[in-house]
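The structure under discussion appears below in the form of structure tokens.
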Amino acid sequence: MSDLLINEPLSRLHIGSSTICSQEEGSQYGVFPVVLISRKGSLVHKDCNSYSVNGEEFSLVGRTYTYKDLSIELPIRTAYTTLERLLLGLGYQVYNEDTVADLDITSISMNFRKVLHILTMMALKDMNLIYSTFTSHKQLRYGEHVFESYLKAVTGKGTIKAKNKHIRWLNEVDTLQLKSQLFTTSSYQVGVNSMEYTTTVIAEELFIKVFEFLDVISFQNNNIEPEPLDFTVTVVQLKSMRLRDTMLILSRCIGYSGNSFIIRQELKDRQNSRVYSLFTSISSTTRQLLGFTNYDIGSALQTICLQLTDNPNIYPLHQELSVDKIAFRTKIMIETGEDIDWVKKELSKADNLDKRPKRYNRYPTLNAYFAESLVLRKEILHGVDEEVYSIAYGHAKYKWTKIWNTKNNDYEYVVDGKKESSIFFFIWTQFEREIRESMMRLFDEPIFCHQVHDAVYSYQSNISTEELETTVLESTGFKVKISKD
């Protein structure tokens, strides 16, 4: 039957060394229960020893398969190697004598992401999170939707919209309710903010296993014409990174060359201010591990906004932060008892919040800083160039107001203009962009520079910070401090 998958018996004999099988001379597999599936992933109907698929009948007694006048002794297997499982998932045949073939990333239908989907499926099965009795189609869909949901959860704030097709599939089709095992979720408001997802310990264990699978697969070398923002990463480097960064990077793999994965990112530049890409999603530690030097604008928001005001002296706390951010952050750490990461995030949020958080009442300096930020914001909004304001307003997020709907006897949210904090953000980040672009002109090849918010990353490490500061002042009028690490 052409529609039936029957795997041949496999006896492995290595030609040269193998990175897959630990046995030096290959192996002959022992007894393994036979599983028959249709190529479309349909379950094969069974009635005693009689089976049917797509209207065709056959019988299976012991290991003897009989269809019409054809009788075949089915193969004996105990297990599949990681590579074999991956090849079967990709729809390739597994031959009698496998010489541990290298996988060609560029020949995979769709892209390398499909490999990651299948490895996720394999990890889900090995951790008994999904069942082998599911159709192959359903198993593959689990791999795809779990992997893509994981990527969303570890990017930025981890917000995923309800209409996202991967979360919708887990909500509507996942009979095992895996979502609750892999993610914890925040509250949300319809039309106001999306639900935030955080990965659980089980999810982290799952993707550690995915990477372990990937580590034992060998790949063919590809000849790919590089684009300016492409970069390469080795398995050794990937092992040194945070798991989330490893998966984010591999999701953008387009090929393999010289023991390195070739990574190509999709640049999103739609806001006249910041650009977003894979590079903005991974951590600064990972960027440096990849060999990039960071040229950072010190206290960019405060530095820029204070120079847009008529009298910066009425904002002493913002001045204090722009002059010595380490000392100011330390003061907040002592006052709040929180670590440096918390303080960095809180100070970044404080200038862009719409309402004063109640917790600020316990922290005098942070409370006073927020009060200053409201005044500073008002001055910037009313004093900035009309064209800059218009661009910012166009990109700003909507403000939603909660009202009582007497007809539906329930609350609903309606649009009430644009958020003041969001307009402010898209104002000062336009100037931040001018500064970044000014910095990039000093590099030998500016198109190879990666823009990351208030910083520029480059393989070129010999650019003087003093020269960068002078160039920025001459071309933009902003006096900035630039650090390099």
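Values in this text are rule-based calculations from the coordinates and carry no lab data. None of the values given here were measured: they were computed from a predicted structure. Neighbour counts run over all protein chains shown; Cβ positions are idealised from the backbone, glycine included.
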| task | Just name one of Pro364, Leu321, Leu301: the one whose Cα is farthest towards the positive end of the charge dipole of the stretch 268-397 (beta-carbon charges, Lys/Arg +1, Asp/Glu -1). | result | Pro364
| message | Please report the spacing between the Cα centers of the stretch 445-485 and the stretch 368-383 in Å, no decimals. | response | 27
| query | Radius of gyration and Dmax for the stretch 107-264's Cα atoms, expressed in Å? | reply | 16.3, 49
| message | What does the net charge come to around Ser186 if you take all other residues with beta carbon closer than 11 Å to its beta carbon, with K and R at +1 and D and E at -1? | response | 0
| task | Collect residues whose amide H, placed 1.01 Å from N in the peptide plane, falls under 5 Å from the amide H of Gln220; neighbours closer than 5 in sequence don't count. | result | Leu103, Asp104, Ile105
| note | By Cβ neighbour count within 10 Å, fewest first, Glu445, Glu386, Glu372 rank Glu386, Glu445, Glu372
| request: Determine which lysines satisfy two conditions relative to Lys397: a Cα distance under 22 Å, and not lying fewer than 8 residues away in the same chain. | output: Lys152, Lys157, Lys161, Lys163, Lys268, Lys345, Lys349, Lys355, Lys378, Lys418, Lys419
| message | I want to check the label-to-label distance for Asp385 and Leu267. Put each point 7 Å from Cα in the C-beta direction and report it in nm to one decimal. | response | 2.2
| task | List the aspartates and glutamates whose Cα lies under 12 Å from the Cα of Lys358, skipping any in the same chain that are fewer than 8 positions away. | result | none
| field | Cα-Cα separations in the stretch 240-371 greater than 21 Å, expressed as whole percent | value | 56
| said: From Cα pairs below 8 angstrom and at least 6 apart in sequence, can you work out the relative contact order of the stretch 107-264, rounded to a whole percent? | reply: 22
| task | Add +1 for every Lys or Arg and -1 for every Asp or Glu among the other residues with Cβ under 9 Å from the Cβ of Gln220, and state the total. | result | -2
| Cα to Cα, under 21 Å, and not fewer than 8 places away if on the same chain: which lysines meet these conditions relative to Lys125? | Lys40, Lys114, Lys138, Lys179, Lys209
| Positive-pole candidate from His145, Met241, Ile208, dipole of the stretch 107-264, charges at beta carbon | His145
| field | Estimated FRET transfer efficiency when R0 is 22 angstrom, pair Thr401-Arg359 (beta carbons, to 0.05) | value | 0.35
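Over the Cα atoms of the stretch 384-446, Rg to Rh with Kirkwood Rh, two decimal places?
Using only Cα positions, Rg/Rh for the stretch 384-446 is 1.31.
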| Among Leu290, Leu229, Leu176, what is the fewest-to-most ranking by other Cβ atoms within 10 Å? | Leu176, Leu229, Leu290
| task | Determine the distance separating the Cα centre of the stretch 130-148 from the Cα centre of the stretch 277-353; give it in Å without decimals. | result | 43
| Based on the alpha-carbon gyration tensor of the stretch 389-485, what equivalent-ellipsoid semi-axes (square roots of 5 times the eigenvalues) come out, in whole Å, largest first? | 43, 14, 10
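With a sphere of radius 14 Å drawn around the Cβ of Ile340, what net charge do the other residues whose Cβ falls strictly inside it have (Lys, Arg +1; Asp, Glu -1)?
That sum, taken over residues with Cβ under 14 Å, equals 0.
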| query | Which residue, chosen from Met127, Ile160, Ile262, occupies the Cα position most advanced towards the positive end of the dipole of the stretch 107-264, where the dipole is computed from +1 (Lys, Arg) and -1 (Asp, Glu) charges on Cβ about the Cα centre? | reply | Ile160
| Using a simple charge model, +1 on the beta-carbon of Lys and Arg, -1 on the beta-carbon of Asp and Glu, nothing else, what dipole does the stretch 107-264 show about its Cα centre, in debye to the nearest 20? | 420
